[in-house]
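Asks: Can you keep this structure in mind? I'll have questions shortly.
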Amino acid sequence: MFRRTFWFGTGVAAGVWATTKVNRKLKQLTPDSLAATAANKALDVGVRVRDRAVGFALDVRDNMAQREAELDDALGLNAPVEPELPAPRRRYAIENSNGSNPKYVVDDRTTYSYNRNEDH
């Protein structure tokens, strides 16, 4: 009697398991499910491609900056620039003893404004 009950229970369990398995597989093969699976895989591929493209772009940018620095060094563009022009000239007025008609003398003490509209 126990033998028959054991095998009956085993058969029922196997039948439930097989039915569940077949139903899951049938649901996976429906057009909606196949479309959703394809869309998910396409999104995953798109994310991977984008990540690689961003990484590639960053590598290119870093290497470009490094090469530009090498070329600047080779051409001497990074050398400190020495001023080629003399310091700006400065003027101040020396008045005559009678107080009229000031005489302008070039000197480095005060700055002279070249803006003619400054006092107007």
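Asks: Regarding Arg48, is this residue part of a helix (DSSP H, G or I), within 25 Å of the chain's Cα centre (by Cα) and modelled with pLDDT of 90 or more?
Replies: It is true that Arg48 is part of a helix (DSSP H, G or I), within 25 Å of the chain's Cα centre (by Cα) and modelled with pLDDT of 90 or more.
Asks: For region 1-38, which residues satisfy the criterion of being in a helix (DSSP H, G or I), surrounded by 10 or more Cβ atoms within 10 Å (Cβ to Cβ) and among the polar types (S, T, N, Q)?
Replies: Thr10, Thr19, Thr20, Asn23, Gln28, Ser33, Thr37
Asks: Suppose the filter is assigned to a helix (DSSP H, G or I) and at pLDDT below 90; does Lys41 pass it? Give the derivation first.
Replies: Working: assigned to a helix (DSSP H, G or I): yes; at pLDDT below 90: no.
When the stated conditions are applied, Lys41 does not pass them.
Asks: Something else now. Can you run down the residue pairs with Cβ atoms below 7 Å, 6 or more apart or on separate chains, where the first is in region 18-43 and charged (D, E, K, R) and the partner is assigned to a helix (DSSP H, G or I)?
Replies: Hits for this filter: Lys27/Ser33.
The values are calculated or read from the model by the stated rules, or taken from the named source; none is laboratory data. This is a predicted model, so every value here is computed, not measured. Neighbour counts are summed over all protein chains in view; Cβ atoms, including those assigned to glycine, are modelled from backbone coordinates with ideal geometry.
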